[in-house]
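To start, the structure itself, in structure tokens.
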Amino acid sequence: MTLQTKRWQRTTKINEQYHVIEEAAALLKDQQVVAFPTETVYGLGADATSEAAVQRIFEAKGRPSDNPLIVHVGDRSQVEQLVTHIPEIADKLMDQFWPGPLTLVLPSNHKAARNVTAGLDTVAIRMPSDPIALALLKETGLPLAAPSANRSGRPSPTDAAHVQQDLDGRIAGIVDGGPTGVGVESTVLDCTTEVPIILRPGGVTKEDLESFIPNVVIDPALADQAEDQPKSPGMKYTHYAPEAPLWLVEGDDEFFQHQLESMKAEGQRVAVIASRELVGQLNHEYVTPCGSRQQLTEVAGELYRALRYYKKADVDVILCESFPEHGVGAAIMNRLHKAATQKITQY
Ligand code: TXA
Ligand code: MG
């Protein structure tokens, strides 16, 4: 599969912006696959009502076909066209959090293409807030299926350059909107159960949801040693993997430094991903600071860039700090646990 991937550069000129949207929308209407920014990560979009278009997403990503996709919509009437009904709680959550990083799993009426939902009776839907994403939804008039625009298993792209690294020659185009803001994917919330369940922690936090669903829980199957299959099919696959093995360090700063020093003493080429606070205490060359541990939204914004930074040829292992699990920290740690090949625990 080799395509000439068109890359539309960022522009601040209104008439140029319009042409970009018009051209990208024309490709999407022609059943092609186009990557575009959302407020979370870049998405790989295709017409969610066309099985042939959606099939191209799976091929470009190398994604297992039993892993369903999120449908992106530009207005509420598009939701009604895809579901049997909208539960009351879902309606309230849309009022509060849309457009934004919250995906709602709703009862499907099977109008979305079969491969979007991977044969499930539910469909996952969200309204993104990025202006380019919204403009494409409006211009095409289509619901757009869009997983993260990375090759399957790799960290999600937070920049157009990441999409190009993974998918150049495999998709019709990339709309460059600069770096994304939130940095981790949307929260996936199952609204088909009596009490909604968080299937994937993300940009809208559990604390945010608690004002509407006081007893909301994160799917227990996502926990480290869980025996049950997670309800969100995608959560069982290897994900977010950097090129070199990632070791997640759970302990205090002194413990981290000790690990680093002993691995260096063994002659290993060690890279570090850590908060600015910890990096400031290390005497080490290969470090990628990713925000402040006091500001987890900064860490979320930098995380995938950091995971993509080190190349296999340059390092033997990446040591990564663990972060508090409150707020967006739940999403950060969920991704790091999945990216890690090993955990080193002090306690
Ligand atoms: O922020 C995001 O959500 C990004 C941007 C592009 O919108 N998209 C994204 O899509 O992260 P993807 O395909 O990488 O992840 C979708 C997740 C997977 O874990 C998948 O299993 C789950 O949503 N999912 C999709 N449909 C589902 C359904 N009907 N029931 C349960 N889980 C579902
Ligand atoms: Mg993904």
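Read-outs throughout are calculated quantities, based only on the coordinates presented, and are distinct from any laboratory measurement. Quantities reported herein were computed from a predicted structural model and do not represent experimental measurements. Ideal geometry is used to build each Cβ from the backbone, glycine not excepted, and the neighbour counts take in all protein chains shown.
Note on segment 94-203: Cα-only Rg and Dmax are 14.8, 45 Å. For a Förster distance of 35 Å, can you work out the FRET efficiency between the beta-carbons of residue 88 and residue 325, rounded to the nearest 0.05? Efficiency at R0 = 35 Å is approximately 0.75. Expressed as a whole number of Å, what is the distance separating the alpha-carbon centroids of segment 60-103 and segment 259-311? Distance between centres, Cα-based: 35 Å.
With 0.36 nm allotted per residue and the present C-alpha distance subtracted, the residue 254-residue 65 stretch has 63.6 nm of extension available. Normalising the average separation of contacting C-alpha pairs (under 8 angstrom, six or more residues apart) by the number of residues puts the relative contact order of segment 246-345 at 42 percent. For segment 35-159, the square roots of the Cα gyration tensor eigenvalues, ordered a ≥ b ≥ c, give a/c of at least 1.5 with a/b no greater than b/c, which places it in the oblate category. Peptide packing: for 30-41, 305-316, 329-340, the average count of neighbouring Cβ atoms within 10 Å per residue gives the ranking 30-41, 329-340, 305-316, highest mean first.
Extent of segment 246-345 along its three principal axes (Cα atoms, max minus min coordinate, largest first): 38, 27, 22 Å. Could you list the residues of segment 125-158 with an amide nitrogen less than 19 Å from a label point located 7 Å from the Cα of residue 18 in the Cα-to-C-beta direction? Those under the cut-off are 131-141. Once the Cα atoms are used to define both axes, helix 51-61 deviates from the longest principal axis of the chain by about 20 degrees.
Pairs over the 32 Å Cα-Cα cut-off, from the set 264/338; 92/138; 61/311; 61/264; 61/111: 61/264.
What the pair-distance distribution of segment 20-94 shows, using all Cα-Cα distances binned every 10 Å from zero, is 15, 44, 33, 8 percent. Its residue count N sets the reference 2.2 N^0.38 Å, and the alpha-carbon radius of gyration of the chain equals 0.99 times that reference. Rounded to the nearest 500 deg cm²/dmol, what is the calculated helix-only ellipticity per residue at 222 nm for the chain, with -39500 (n - 2.57) per DSSP H run of length n ≥ 4? Using -39500 (n - 2.57) per qualifying helix, the result is -9000 deg cm²/dmol.
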